[in-house]
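> My questions all concern the structure below.
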Amino acid sequence: MSVGGKPWLQSHWDWHVALNFLTGGSGSGLLVVAALGALAGYPLTVPTWVGLLLVAVGLAQVSLHLGRPLRALSVLRNPRTSWMAREAYVAAPLLAGAGLAALLHSTLLGAVTGLLAAAFLYCQARILKEARGIPAWREPRLLPLILATGLAEGTALYLLIVIAVGPAGAQFSSAVLLLGALVLRYATWRGYRSALRGQAPRAALRVLERAEAPFAGAGHVAPLLLLAVAAGVPSAQAPLAALAALAALLAGWGLKFAIVTRAGYNQGFAITHTPARGAGTGGLGSKPGW
Amino acid sequence: MTRYVMVADLERCVGCQTCTAACKHTNATAPGVQWRRVLDMEVGEYPDVRRAFVPVGCMHCADPPCMHVCPSTATGQRADGLVTIDYDLCIGCTYCAVACPYQARYMVEEPNQAYAKGRMRHERQREESERRGVAQKCTFCIDRIDYGHAHGLTPGIDPAATPACVNACIASALQFGDIEDPQSNVSQLLATHEHFRMHEELGTDPGFYYLWEGR
Amino acid sequence: MTTSDGGTVKKVPTYCYQCVAGPDLLTVKVVDGVATEVEPNFAAAEVTPSAGKVCVKAFGLVQKLYNPNRILTPMKRTNPKKGKDQDPGFVPISWDEALDTIAERLKAVQAKGPNDSSGYPRIAASFGGGGTPTYYMGTLPAFLSSIGPIDFGFGSGQGVKCYHSEHLYGELWHRAFTVAPDTPNTDYILSFGYNIEASGGVCGVKRHADARARGVKRVQIEPHLSVTGACSAEWVPIRPKTDAAFMFGLLHVMLHEQRKRLDIPFLKQRTTSPYLVAPNGFFLRDPATRKPLIYCLERKRAVPFDTADADPALEGTFKVSGIEIGADDDAWEHRLEKVQPAFQKLLDHTSEYTPLWAGRICDVPHKVIRRLALEFLDHARVGETVEIEGRELPYRPVSIVLGKTVNNGWGGFDCCWARTLMACLVGALEVPGGTLGTTVRLNRPANDRALSVKPHPDGFMDYPMNPTDKAGWLAKPDVRNANRTLIPLVANSPWSQALGPTHLAWMQQQKAPEHWPQATPPDIWFVYRTNPAISFWDTDQITAVLAKFPFTVCFALTRDETNHFADILLPDRTDLEGLQLIRVGGTKFIEQFWDYQGFALRQPVVEGQGDARDFTWIATELARRSGVLDKYVGAINRGAAGVPLKGEHYDFSLPPDETPTVEAVWDASCRAASAELTEGAEDQGLDWYREHGFRLAPFPRVKWYLYAAIEDAGLRFELPYQERLMRIGKQLGRRLHEHGISWWDEQLEEYDPLPEYKHYPEMWEKALERNFKVDMRDYPFWAVTARSMQYAWGGNAGIQVMREVAENVGGHGGVVLNAGKAAELGLADGDLVEVRSPLNATRGRVVTRQGIRPDTVLMIGQFDHWATPFAKDLKLPSLNKLVPMLIDLTDSTGSGADLTRVRLTRVEDRR
Ligand SMILES: Nc1nc2c(c(=O)[nH]1)N[C@H]1C(S)=C(S)[C@@H](COP(=O)(O)OP(=O)(O)OC[C@H]3O[C@@H](n4cnc5c(=O)[nH]c(N)nc54)[C@H](O)[C@@H]3O)O[C@H]1N2
Ligand SMILES: Nc1nc2c(c(=O)[nH]1)N[C@H]1C(S)=C(S)[C@@H](COP(=O)(O)OP(=O)(O)OC[C@H]3O[C@@H](n4cnc5c(=O)[nH]c(N)nc54)[C@H](O)[C@@H]3O)O[C@H]1N2
Ligand code: SF4
Ligand code: SF4
Ligand code: SF4
Ligand code: SF4
Ligand code: SF4
Ligand SMILES: [Mo]
């Protein structure tokens, strides 16, 4: 804690919680894409199993690291206002739906799961936005970024899967989808950063500043180039596309990890005036760290 | 209608931390946990420097983000403005802690122990084990207030019904009372002093006022 | 009361006297026999200046009580080798073994005779800061007084390091050990490093907070922006040790630019300003009566100072006759000599001390100095009066106060003099709103300032100087710090030894100065609540000396740096475990001004921990086993426990032939106390005090103001001209020189009738260069120290909660450095630096602040513990390793200052 009221890095949500945003985001993103794929007539079993697994892992992480894990079910008590509760409400049918869809190879169930997954992803984005104590999280423009990167990661995973287990026919369309998702993601990221200017402690802004290069480079420029090359070099298409997908995925994870664990500076303290002392007069206030 | 608020007179506060320590005694909080603490802020540059001591803690916001995000309804709000935590409902997700713009909430797992060598008798006497692994923060000394109501005492006036940090403050910088009652000590202070609330722009409507100059 | 789960809850009243700003009353909540919470004593809210509250330090008492690091059985040393690096090998022993071992030694000493070959007491005892241990050590004083002469001269800095010069000049001019503003009534306070918000305890903080609410203007003049500077209307960052110049600048403005606005009647009637000064610098006196003469403007001739309805001249030069009496009764006769009133001398003396001159020395804009002088005058309300309890007194709501390092060490005399003189100039001395003394210590009676006002033939207050005349001078020191031999002003009260130049006692253990007996270590040394190994200067030298003491008995809370050298450790019952009745109320330092006086009880709120014993039990057993029980009980009966057990209306004396129980002693004291307060009408005993905690009777507020007593006695304040000090200084010089002693000559120079400004910062620089063969340019920073509200010296540094809450306040646990300067040096918060003085080095983490001079570094408190559990793990820096003990840096009152020059080097980047 700080003597002078400067914001400090929140320590309540560590990497366990962050992980839920990583895997849960990618997993739900993947389930959305899988649903689209299914509607386009591609098999949904493998991507659905993977998506389910990722979402489950994320949820397991958080619930195991609650202060009182045994009371985990109480998370359901306040859907009225809490997006964490709502996430839990969506999570149950999502997991069930996904499981069934995968088992029964049901496109319809897959589609429903896709909708639930989208809702789940939205809940995750809202959870961060409602954390009003953390300026870098509460910024409304974080919402589209979380959605966009979730979809991008999902698409990347989907591409990896179809490269690995087919059908080859889905490769091109998912690669195109990935391109679109990445463009969207970068746009939302820029939007988020410009909106946050002056709206968060300097330390938090520095963290995001430092994230720019790797995120833009490894997460966007590299995949785009790789996909472009892949388009030109049929012989090395698969490995190059896979590499592009992997880069897009890891960059998304890296960014969310940074936002949750490293840009998570709290509000800090501020005074609008320093007090008069006896015959003295009041003076300027201060908002240290901003 | 009643809304209890805290008033801190920055002109009086000397940063002595007696309130901090008094709260730790009254509530047997763990080492490092300070429901009340007093910041030491420096403003300006040498030689034009000012130094202010700023008591902080839970502001018992009228529109408390911590409550809205709480998935378990453990965090609640009373008609008299106190923001409460039901330790038996809390699942320890610390969502409230990241939702609070005043860094007012804590969560600790270990029992109180100030010295590595072993726990002291008073630490064992007051385990407060229901408070482990759940969110905790300043309660505005809710039990004292309720005791006061039960015995016809006025919170902020009668020591037995007044928060411990307020009782202990050696500079009478901290005052507590009902802001809805225009005759109350706090209403009078606010009427006669320039004041502000912290992070007002965030719209939490905090129940903690800072006096910075007499009117 | 019972708890919800059927347990029992008690609230036990007691007192806290952990620091000199006490005592303060509190209650402790005890649940099922376990102390859990400290609370204010709400029952005392109306009758105490603290409103029944206690400060943050009192909230450390529960952890102090149950601290797992406490020593809970007597122990003895098994490793005969003593040293910082030696493990003492303490092993538990029984109380019988411990006490008998000590008693044997005591008997042996009695047998050998109380004094050793050098004529020093074989028994020594040291107690800590500000005399507060007295309020915890029960009847130990009675025991000590019954085993013959004791050397109390080994100090820990209390005195020489704190308000030393203030203590002595305060007693001389204010009849008080320390000096304070009349905070509840003053409108303007000039504070030179008086760090009241850190050092003033509950009363200080409360009084000043209330004053701020009234709109008082306090200007804090000091090198760093302390918590007090923070709470002041204005902060003036002054160069260390230049305060005297600043105050002389203020005096210059008042005397040479604003003379008409001074309180002329006060100066004429209530000061020695009109006394005529003869050619050799002593007062011109009436040959017949030897009374000092003044020049009467009505009669146009010199008349004795006490001539009724004289209108004395303050200024001018007059041709008059009379005699002059100098040192050792040297006498001169003067026929129609040109003489001047003391006030005229003062005018001439201060004519060169302009704000411009002062500003350059202090590194403060001269405009600021002049403005403050004018503001002081603007607020003074010269001529106004106010009624206090039916008594009309001057009303002068302006005050001026000094803090540590300003009022001790070289320059302390100048500052104390200028301070009290500024009050005189506007008649604001010892009157409502003005500058007041607090507690009397060196004068008698010690419990009533007003009664201590005794007339001196020259028309001001008498003073119990140690004799400097041929017959009376104590040529052979009777204690190791030679207080009565070297320091006439220190008088000869029970407090005087501890107020000697206590570093001399330590230094001489290494090497005696010329023509001086080689000091011997004491055969037996008792230590309680003091830690010289941490608190004094040059702590490495101190520990080296401690290792040579043959037999050291330490009352021990935990292991610490001083009892590391002990032969026997005795665990005493601490604050919340012991039983004792003390006097409270009246006026006490630092700002304890009460409307009541009486008694308060400290009682066990829970049973004692382990085998710790009550102090009174220990003292009684020591007395019994060393065969002085009768003397011991006699001493208690005469009042050694705080109250005489026999008074004119009552007699609760204890039988001298019986071993009294602890309860018996304090029950008798309680009864005597009740009787004293009620002129024998009532005699409630211990049980009553256990229940109520305190008992008070009104204390007239007019007693806050010494002016009333001075006026009643028709006396004057002995200012501005220090004829008496000059005479004493000359005599002392002769005595010393007759014995071939010249190492005190610089100190003798300070006996000026009007202090000359000496360039004090240079004195430090030169002394360091001289003694350590260094170049000051290699030591670019001044290093200073300051109080912390959360700590009582280093005494509670082992208490976790104190450390925890102190961390919220900037500057703790580091080397505080100006932020701009740090950037310049490429230092950042948290960097580990070595702070090196010419003497030694210490290490700490950088704390950058805007509120400190770029040429100054600050190290709060004294926390470089290496043995005290918990504290020793904090690895904090301390000034005490760095400041040398030097005669050159000792002033004429025998005091020095916590000040040195240092340089910084980075050791490691922030963790
Ligand atoms: N909480 C608490 N209170 C205490 C004590 C304690 O240990 N803890 N100790 C008691 C005792 S024994 C004493 S002696 C008193 C001391 O009480 P104070 O003298 O009021 O306090 P300090 O902080 O020790 O020193 C006063 C100030 O002197 C400033 N200073 C240093 N050098 C100079 C200088 O050259 N010029 C000027 N103008 N200022 C300078 C420092 O910045 C510091 O802020 O406190 C008493 N009260
Ligand atoms: N650097 C620096 N040094 C200073 C000062 C400063 O401002 N800065 N101030 C100087 C001044 S003004 C003074 S007066 C001196 C005071 O200095 P000291 O008189 O030495 O005071 P403390 O350091 O508090 O030492 C108190 C000791 O008593 C022990 N103790 C505490 N409570 C109990 C108890 O209940 N029972 C027993 N048996 N022991 C107990 C503690 O463990 C500690 O070792 O310090 C001087 N030294
Ligand atoms: S006790 Fe009062 S004065 Fe001291 S820090 Fe707390 S609020 Fe400020
Ligand atoms: S201060 Fe924080 S914890 Fe307290 S009510 Fe407001 S948001 Fe909630
Ligand atoms: S930690 Fe407890 S109180 Fe806070 S949000 Fe979670 S359940 Fe609610
Ligand atoms: S109101 Fe009570 S709980 Fe809150 S800070 Fe004060 S003492 Fe602690
Ligand atoms: S000021 Fe604080 S520590 Fe000092 S005696 Fe009073 S309560 Fe105790
Ligand atoms: Mo002191």
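The values are calculated or read from the model by the stated rules, or taken from the named source; none is laboratory data. As the structure is a prediction and not an experimental result, all values here were calculated from the model. All Cβ positions, glycine included, derive from the backbone under ideal geometry; neighbour counts span all protein chains shown.
> Which of the residues belonging to the range C:585-605 are surrounded by fewer than 20 Cβ atoms within 10 Å (Cβ to Cβ) and touching a residue at least 60 places away in the same chain (Cβ under 8 Å)?
Correct list: C:D595, C:Y596.
> Which one of the conditions (1) in contact with a helix residue (DSSP H, G or I) (Cβ under 7 Å, 6 or more places away or on another chain); (2) within 12 Å of chain B (Cβ to nearest Cβ) does A:A101 fail to meet, given that it meets all the rest?
Here A:A101 meets the rest and fails (2).
> Only one of C:P521, C:P432 is touching a Phe, Trp or Tyr at 6+ places or on another chain (Cβ under 8 Å) and closer than 30 Å to C:A566 by Cβ. Can you tell me which? Talk me through it step by step, then tell me what you get.
Values: C:P432 fails: closer than 30 Å to C:A566 by Cβ.
C:P521 is the lone residue from the list that is touching a Phe, Trp or Tyr at 6+ places or on another chain (Cβ under 8 Å) and closer than 30 Å to C:A566 by Cβ.
> Here is a list: A:A248, A:A204. Which entry is in a helix (DSSP H, G or I), surrounded by 21 or more Cβ atoms within 10 Å (Cβ to Cβ) and within 14 Å of chain B (Cβ to nearest Cβ)? Outline the logic, then answer.
Working: A:A248 fails: within 14 Å of chain B (Cβ to nearest Cβ).
Step by step, each of A:A248, A:A204 is checked, and only A:A204 is in a helix (DSSP H, G or I), surrounded by 21 or more Cβ atoms within 10 Å (Cβ to Cβ) and within 14 Å of chain B (Cβ to nearest Cβ).
> In the range C:785-801, what residues are assigned to a loop (DSSP other than H, G, I, E, B) and in contact with a Gly (Cβ under 6 Å, 6 or more places away or on another chain)?
Listed by number, the residues that qualify are C:S788, C:Y791, C:W793, C:N796, C:I799.
> Which one of these is of a type in the set (D, E, K, R), assigned to a helix (DSSP H, G or I) and without any contact (Cβ under 8 Å) to a residue 40 or more places away in the chain: A:R185, A:R193?
Of A:R185, A:R193, the one residue that is of a type in the set (D, E, K, R), assigned to a helix (DSSP H, G or I) and without any contact (Cβ under 8 Å) to a residue 40 or more places away in the chain is A:R193.
> For residues that are without any contact (Cβ under 8 Å) to a residue 60 or more places away in the chain and closer than 18 Å to C:P571 by Cβ, scanning just the range C:41-92, find the one that is nearest to the other protein chains (Cβ to nearest Cβ).
C:P68
> While we're looking at this one, here's another question. Return the total of residues in the range B:166-178 being within 13 Å of ligand 6 (Cβ to nearest atom) and within 16 Å of C:S50 (Cα to Cα).
6
> Within the group B:E110, B:E194, which residue is over 23 Å from B:Q77 (Cα atoms), at pLDDT below 95 and of a type outside the set (S, T, N, Q)?
B:E110
> Select from the range C:208-220 the residues that are in a helix (DSSP H, G or I) and either of a type in the set (A, V, I, L, M, F, W, C) or at positive phi (or both) and write down the one among them that is nearest to the other protein chains (Cβ to nearest Cβ).
C:A209
> Still on this structure, I have one more. Give me the residue from the range C:189-207 that is more than 8 Å from every other protein chain (Cβ to nearest Cβ) and more than 19 Å from the chain's Cα centre (by Cα) and, out of that set, surrounded by the most Cβ atoms within 10 Å (Cβ to Cβ). If you could, list the steps in order and put the result at the bottom.
Keep residues of the range C:189-207 that are more than 8 Å from every other protein chain (Cβ to nearest Cβ), which gives C:189-196, C:198-201, C:203-204, C:207.
Okay, now just the ones that are also more than 19 Å from the chain's Cα centre (by Cα), so C:189-190, C:207.
Details: C:I189: 29, C:L190: 27, C:R207: 24.
Out of the qualifying residues, it is C:I189.
> So, C:K29, is that one closer than 24 Å to B:R124 by Cα, among the basic types (K, R), more than 8 Å from every other protein chain (Cβ to nearest Cβ) and in contact with a strand residue (DSSP E or B) (Cβ under 9 Å, 6 or more places away or on another chain) or not? Before you say what the answer is, go through the steps one by one.
Numbers: closer than 24 Å to B:R124 by Cα: yes; among the basic types (K, R): yes; more than 8 Å from every other protein chain (Cβ to nearest Cβ): yes; in contact with a strand residue (DSSP E or B) (Cβ under 9 Å, 6 or more places away or on another chain): yes.
Criteria met by C:K29.
> What helices (runs of 4 or more DSSP H), lying completely within the range B:27-134, carry at least 1 residues that are at the interface with chain A (Cβ under 8 Å from one of its Cβ atoms), surrounded by fewer than 23 Cβ atoms within 10 Å (Cβ to Cβ) and under 17 Å from the mean Cα position of the chain (by Cα)? Spell out the reasoning first.
Details: elements: B:65-69, B:95-99, B:121-125.
Counting at least 1 such residues, we get B:65-69.
> Turning to a different aspect of this structure: Can you tell me which of C:K64, C:K81 is in a loop (DSSP other than H, G, I, E, B), away from ligand 6 (no atom under 16 Å from the Cβ) and over 21 Å from B:P163 (Cβ atoms)?
None of the other options fit; the residue is C:K81.
> Does the range C:573-596 hold any residues that are more than 14 Å from C:G201 (Cβ to Cβ) and assigned to a loop (DSSP other than H, G, I, E, B), and which are they?
Residues satisfying the conditions are C:R573, C:T574, C:D575, C:L576, C:E577, C:G578, C:L579.
> Let me ask something additional. Is it the case, given these coordinates, that A:G254 is within 25 Å of the chain's Cα centre (by Cα) and surrounded by fewer than 17 Cβ atoms within 10 Å (Cβ to Cβ)?
Yes.
> If you go through the range B:135-144 one residue at a time, how many are within 16 Å of ligand 3 (Cβ to nearest atom) and facing chain A (nearest Cβ under 10 Å)? Talk me through it step by step, then tell me what you get.
In the first step, residues of the range B:135-144 are kept if they are within 16 Å of ligand 3 (Cβ to nearest atom); the result is B:138, B:140-141.
If we keep only those that are facing chain A (nearest Cβ under 10 Å) too, we end up with none.
Count: 0.
> Which residue is surrounded by the fewest Cβ atoms within 10 Å (Cβ to Cβ), if the candidates are limited to the range A:16-39 and must be under 13 Å from A:L177 (Cα atoms) and among the small types (G, A, S)?
A:G37
> Conditions first: (1) farther than 19 Å from C:L284 by Cα; (2) over 24 Å from the mean Cα position of the chain (by Cα); (3) among the aromatic types (F, W, Y). C:Y721 passes all but one, so which condition is the exception?
Only one criterion in (1) farther than 19 Å from C:L284 by Cα; (2) over 24 Å from the mean Cα position of the chain (by Cα); (3) among the aromatic types (F, W, Y) is unmet by C:Y721, namely (1).
> Out of all the residues in the range A:251-281, which are part of a helix (DSSP H, G or I) and either farther than 22 Å from A:A187 by Cβ or free of Cβ contacts under 8 Å to residues at least 60 places away in the same chain (or both)?
Within the range A:251-281, A:A251, A:G254, A:A258, A:T261, A:R262 qualify.
> Restricting to the range B:83-121, give me the number of residues that are small (G, A, S) and without any contact (Cβ under 8 Å) to a residue 24 or more places away in the chain. Show your work before the answer.
Taking the range B:83-121 first, the residues small (G, A, S) are B:92, B:97, B:99, B:104, B:114, B:116, B:118.
Add one more test, that the residue is without any contact (Cβ under 8 Å) to a residue 24 or more places away in the chain, and what stays is B:116, B:118.
Count: 2.
> Given the conditions (1) under 30 Å from C:W537 (Cβ atoms); (2) buried (at least 24 other Cβ atoms within 10 Å of the Cβ), report the number of the one that C:F143 does not fulfil.
(1)
> What residue, among those in the range C:377-428 that are assigned to a loop (DSSP other than H, G, I, E, B) and of a type in the set (S, T, N, Q), is nearest to ligand 6 (Cβ to nearest atom)?
Going through the qualifying residues, I end up with C:T405.
> Also: Hey, does the range C:384-397 have a residue that's within 14 Å of another protein chain (Cβ to nearest Cβ), surrounded by 15 or more Cβ atoms within 10 Å (Cβ to Cβ) and away from ligand 1 (no atom under 16 Å from the Cβ)?
Yes; the residues of the range C:384-397 include at least one that is within 14 Å of another protein chain (Cβ to nearest Cβ), surrounded by 15 or more Cβ atoms within 10 Å (Cβ to Cβ) and away from ligand 1 (no atom under 16 Å from the Cβ).
> Looking at (1) closer than 22 Å to C:K53 by Cβ; (2) more than 16 Å from ligand 7 (Cβ to nearest atom), find the lone condition where B:D181 falls short.
The single condition B:D181 does not satisfy is (1).
> I would also like to ask the following. Looking at C:S895, C:S878, which one is in contact with a Gly (Cβ under 9 Å, 6 or more places away or on another chain), within 16 Å of ligand 1 (Cβ to nearest atom), more than 13 Å from every other protein chain (Cβ to nearest Cβ) and under 28 Å from B:E42 (Cα atoms)?
The unique qualifying residue is C:S878.
> Those residues that are touching a helix residue (DSSP H, G or I) at 6+ places or on another chain (Cβ under 9 Å) and either modelled with pLDDT under 95 or away from ligand 6 (no atom under 16 Å from the Cβ) (or both), I need them from the range C:43-54; list them, please.
If the condition is that a residue be touching a helix residue (DSSP H, G or I) at 6+ places or on another chain (Cβ under 9 Å) and either modelled with pLDDT under 95 or away from ligand 6 (no atom under 16 Å from the Cβ) (or both), then C:A43, C:A45, C:T48, C:P49, C:S50, C:A51, C:G52 are the ones that fit.
> Based on what the data block shows, is C:L696 in a loop (DSSP other than H, G, I, E, B) and of a type in the set (A, V, I, L, M)? Let's see the steps before the verdict.
Numbers: in a loop (DSSP other than H, G, I, E, B): no; of a type in the set (A, V, I, L, M): yes.
It is false that C:L696 is in a loop (DSSP other than H, G, I, E, B) and of a type in the set (A, V, I, L, M).
> Are any residues in the range C:263-294 in a strand (DSSP E or B) and among the polar types (S, T, N, Q), and if so, which ones? Walk me through how you get there before you give the answer.
Our first condition is that a residue be in a strand (DSSP E or B); within the range C:263-294, this holds for C:271, C:276-277, C:283-285, C:292-294.
Result: C:T271, single match.
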